[in-house]
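The values are calculated or read from the model by the stated rules, or taken from the named source; none is laboratory data. These numbers were taken from a predicted model, which means no experiment stands behind them. Positions of Cβ are generated from backbone atoms using ideal geometry, with glycine treated the same way; all protein chains shown enter the neighbour counts.
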Amino acid sequence: MLQYAIGAGGVLSPLSTASLSVGSNPYWGTVEAGGLYAYVADYVGNSILQFVIGTNGALTSNTPVSQPAGNTPVSVVTSGTWQ
């Protein structure tokens, strides 16, 4: 997965760590409503990968990085916020 900062006028620029490994076949991702966490469905790995969103927008792996998700997950839906 590629990481970008959003600048003035919506212009994208790569973060210092421009790419991040997100499993064997990332299919879809989402950010929870509070903007603190991101989740990616790993279609082949049968898991959901979870990341913390830093103040600069960079992602770091949450602990644990993956949770089982059954067979071939294709999307992630979040509800509410983490306080």
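Inspect all residues belonging to the stretch 44-59 and state whether any of them is in contact with a Phe, Trp or Tyr (Cβ under 8 Å, 6 or more places away or on another chain) and among the hydroxyl-bearing types (Ser, Thr, Tyr).
No, the stretch 44-59 contains no residue that is in contact with a Phe, Trp or Tyr (Cβ under 8 Å, 6 or more places away or on another chain) and among the hydroxyl-bearing types (Ser, Thr, Tyr).
Look through the stretch 41-83, keep the residues that are of a type in the set (A, V, I, L, M) and outside any loop (DSSP other than H, G, I, E, B), and return whichever of them is surrounded by the fewest Cβ atoms within 10 Å (Cβ to Cβ). Talk me through it step by step, then tell me what you get.
First, the residues of the stretch 41-83 that are of a type in the set (A, V, I, L, M): 41, 44, 48-49, 52-53, 58-59, 65, 69, 74, 76-77.
From what is left, the residues that are outside any loop (DSSP other than H, G, I, E, B) are 41, 48-49, 52-53, 59, 65.
On the way: Ala41: 23, Ile48: 21, Leu49: 26, Val52: 13, Ile53: 17, Leu59: 22, Val65: 15.
Restricting to residues being of a type in the set (A, V, I, L, M) and outside any loop (DSSP other than H, G, I, E, B), the top hit is Val52.
Inside the stretch 30-60, can you point out the residues that are of a type in the set (Gly, Ala, Ser) and in contact (Cβ under 8 Å) with a residue 12 or more places away in the chain?
Of everything in the stretch 30-60, those that are of a type in the set (Gly, Ala, Ser) and in contact (Cβ under 8 Å) with a residue 12 or more places away in the chain turn out to be Ala33, Gly34, Gly35, Ala38, Ala41, Gly45, Ser47, Gly57, Ala58.
Give the residues of the stretch 30-40 that are part of a loop (DSSP other than H, G, I, E, B) and not charged (D, E, K, R), sorted by residue number.
Step one: filter the stretch 30-40 for residues part of a loop (DSSP other than H, G, I, E, B), giving 32-36.
Answer for the stretch 30-40, where residues must be part of a loop (DSSP other than H, G, I, E, B) and not charged (D, E, K, R): Ala33, Gly34, Gly35, Leu36.
Under the condition of being modelled with pLDDT of 90 or more and outside any loop (DSSP other than H, G, I, E, B), which residue from the stretch 11-29 is surrounded by the fewest Cβ atoms within 10 Å (Cβ to Cβ)?
The selected residue is Ser13.
So which residues in the stretch 62-83 are under 26 Å from Ile6 (Cα atoms) and at pLDDT below 90?
Val65, Ser75, Val76, Val77, Thr78, Ser79, Gly80, Thr81, Trp82, Gln83
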